[in-house]
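Here is the structure we will look at, set down as structure tokens.
The values are calculated or read from the model by the stated rules, or taken from the named source; none is laboratory data. For clarity, every value in this text was computed on a predicted model and none was experimentally measured. Quick reminder, even Gly has a Cβ in these numbers, built from the backbone with ideal geometry, and neighbours come from all protein chains shown.
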């Protein structure tokens with residue numbers, strides 16, 4: 001649940017509670033006030049009735065004049081105290097009970113004590129109270145709704161910074177050259193969050209760059225000792241008087257140091273691609289390069305009896321660093337030849353928008369997702385460095401190409417989409 | 001051929017001197033920029049092998065220095081830096097080749113041989129090795145005046161063998177010479193095997209001696225008896 005929704009719901013439930021409680025309290029308060037008011041009026045009526053009694057002018061017409069409803073009965077019992085109460089009186093006209101407020105008191109005149117009850121209809125005031133309460137309710141509901149909406153809207157404005165931050169972190173790439181900066185916020189929590197995040201990403205970035213630099217330096221420094229080892233081994237191999245066993249030992253060591261050299265060179269290349277150290281893009285004609293590569297692999301293709309199908313648009317030109325273009329194509333084509341079966345097909349589709357290289361072969365034994373991972377290699381070729389496709393992928397990323405793999409009809413297909421960067 | 005090797009790493013320099021001396025070259029080794037300028041000022045060399053990163057200077061400046069003179073020698077750059085800019089710059093100011101460390105001595109030797117041919121015969125030459133004749137300009141090979149039709153790689157392979165005759169050539173060295181860096185070279189060995197099988201077959205068919213000896217687990221040797 002979003003925090004905003006949660007806050008809104010909390011607010012809503014609290015306001016509902018207060019609203020209900022408040023309304024009941026309001027009703028009774030109002031009632032009390034009205035009763036007080038009516039009591040005052042009844043007191044006033046009491047004085048009028050007493051005056052009428054004293055002056056012996058009490059009559060129905062007089063009472064009607066004063067809009068009084070009075071009940072006078074002689075009293076023999078002890079005097080009850082003055083009291084106010086609510087009572088229901090049957091009204092014949094509407095065949096219903098009506099609510100009245102009554103003032104009852106004893107009054108003595110001419111040695112005769114009377115119990116006098118003065119009634120005042122509560123019907124109208126009651127109706128008024130109900131109306132007031134209803135109007136108040138409506139007002140309150142309106143206010144709550146307005147508040148909620150206003151709160152939601154203004155919160156959304158305030159939260160914008162937060163969502164912006166989330167979005168930016170989501171898209172954060174430690175490898176990108178883009179400056180990572182978050183929006184300022186006048187809300188302390190968000191400002192704190194952004195500040196901490198910026199500090200964190202700065203640190204991650206500098207750690208990452210340090211590490212990268214370290215690896216690059218190490219790789220470069222390794223080159224010279226490797227060159228020495230290799231050259232010494234090569235000299236050693238030229239000694240004619242070695243026994244086969246000795247040859248074997250030197251050969252194994254030489255092989256290993258060669259692997260290390262290749263690995264190192266490849267890693268340096270990968271780092272360079274990542275560092276965008278191949279800036280110049282030139283128009284490159286992939287068709288020519290592909291043909292050239294196929295030519296250099298001709299012997300192997302013939303020996304494997306691979307049938308090549310070229311579906312080229314010969315005039316396709318892509319903007320790439322020629323060196324990287326060649327590395328990309330070489331690796332893709334070599335893969336397709338290497339993993340091909342005897343008498344298999346090698347189909348190369350080249351159009352303005354994409355390149356597809358397909359080769360026959362049994363299904364992949366591993367997760368296709370791992371194909372482009374560094375050092376991931378099929379068990380069938382332990383000699384392989386497992387970096388070929390990683391390089392291809394890096395090059396594709398560099399130029400914003402999309403590369404993906406699919407397998408259908410016993411054919412492996414590598415797709416490279418050039419996108420809009422033609 | 002008189003060769004000056006300018007490389008600050010003494011052990012590596014020694015290896016080069018030893019390998020190239022066996023090939024009959026006269027090699028001199030210099031370990032820093034300052035002495036190199038001295039030597040280059042005084043003597044004439046057929047070829048210079050120069051490292052870019054010298055302790056007291058830049059190899060590229062040495063090349064510029066050499067290039068000012070009327071007779072310029074062949075130049076091969078060896079560098080641990082495999083940056084394209086360096087490579088392009090080096091070749092632009094007149095180097096013949098750019099080898100990235102670690103490189104194979106056989107490869108260096110092959111490049112030197114080709115520079116030697118260019119200098120000695122202006123490139124217009126033939127390589128004759130017993131019954132085999134190569135015409136580098138035309139990429140053609142003959143056995144006793146009969147042309148052997150070779151693929152481009154087979155021709156390069158033969159040239160490489162002849163340049164490093166009587167030396168043990170490793171498969172890795174061959175692969176790198178034929179396909180360059182950055183290839184996942186694992187199965188290049190299969191490729192090499194195929195190439196060599198075909199080359200041998202083609203040569204034998206024309207009655208050539210079987211010079212190419214396999215050295216188990218290691219590579220090959222072009223053996224002249």
- Query: Of the residues that make up segment A:150-161, is at least one loosely packed, with under 10 Cβ neighbours inside 10 Å, outside any helix (DSSP H, G or I) and modelled with pLDDT under 85?
  - Reply: no
- Which condition breaks for residue B:150 when tested against (1) touching a strand residue (DSSP E or B) at 6+ places or on another chain (Cβ under 9 Å); (2) closer than 26 Å to residue B:27 by Cβ; (3) within 13 Å of another protein chain (Cβ to nearest Cβ); (4) not in a helix (DSSP H, G or I)? (2)
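Yes or no: residue A:221 within 14 Å of another protein chain (Cβ to nearest Cβ) and in contact with a helix residue (DSSP H, G or I) (Cβ under 6 Å, 6 or more places away or on another chain)?
no
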- Item | Number of the exception - residue A:250 against (1) closer than 30 Å to residue B:165 by Cβ; (2) free of Cβ contacts under 8 Å to residues at least 12 places away in the same chain | (2)
- Query: Looking at A:256, A:227, A:191, which is the one that is over 30 Å from residue B:23 (Cβ atoms) and either within 9 Å of another protein chain (Cβ to nearest Cβ) or out of contact with any helix residue (DSSP H, G or I) (no Cβ under 6 Å at 6 or more places or on another chain) (or both)?
  - Reply: A:191
- Query: Can you name the number of the only condition in (1) surrounded by fewer than 18 Cβ atoms within 10 Å (Cβ to Cβ); (2) within 14 Å of chain A (Cβ to nearest Cβ); (3) under 20 Å from the mean Cα position of the chain (by Cα) that residue B:51 fails?
  - Reply: (1)
- Message: I'd like to know if segment A:195-207 contains one or more residues that are surrounded by fewer than 18 Cβ atoms within 10 Å (Cβ to Cβ), within 14 Å of chain B (Cβ to nearest Cβ) and without any contact (Cβ under 8 Å) to a residue 60 or more places away in the chain.
- Response: no
- Item | strands (runs of 3 or more DSSP E) (entirely within segment B:47-132) containing at least 3 residues that are under 24 Å from residue A:216 (Cβ atoms) | B:74-79, B:97-100
- Among the listed residues B:21, B:72, which satisfies the condition of being touching a helix residue (DSSP H, G or I) at 6+ places or on another chain (Cβ under 9 Å), surrounded by fewer than 22 Cβ atoms within 10 Å (Cβ to Cβ) and more than 10 Å from chain A (Cβ to nearest Cβ)? B:72
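Of all residues in segment B:153-166, how many are in contact with a strand residue (DSSP E or B) (Cβ under 8 Å, 6 or more places away or on another chain) and not in a loop (DSSP other than H, G, I, E, B)?
Here is the first cut: in segment B:153-166, the residues in contact with a strand residue (DSSP E or B) (Cβ under 8 Å, 6 or more places away or on another chain) are B:155, B:158-162, B:164-166.
From what's left, not in a loop (DSSP other than H, G, I, E, B): B:155, B:158-162.
Matching residues across segment B:153-166 total 6.
To keep it simple, each residue is scored yes or no on (1) in contact with a strand residue (DSSP E or B) (Cβ under 8 Å, 6 or more places away or on another chain); (2) touching a residue at least 12 places away in the same chain (Cβ under 8 Å); (3) facing chain B (nearest Cβ under 10 Å).
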| site | (1), (2), (3) |
| --- | --- |
| A:296 | no, no, yes |
| A:299 | no, no, yes |
| A:310 | yes, yes, no |
| A:323 | no, yes, yes |
| A:326 | no, yes, yes |
| A:333 | yes, yes, no |
- Restricting segment B:207-225 to residues that are in contact (Cβ under 8 Å) with a residue 12 or more places away in the chain and more than 23 Å from the chain's Cα centre (by Cα), which is farthest from the other protein chains (Cβ to nearest Cβ)? B:207
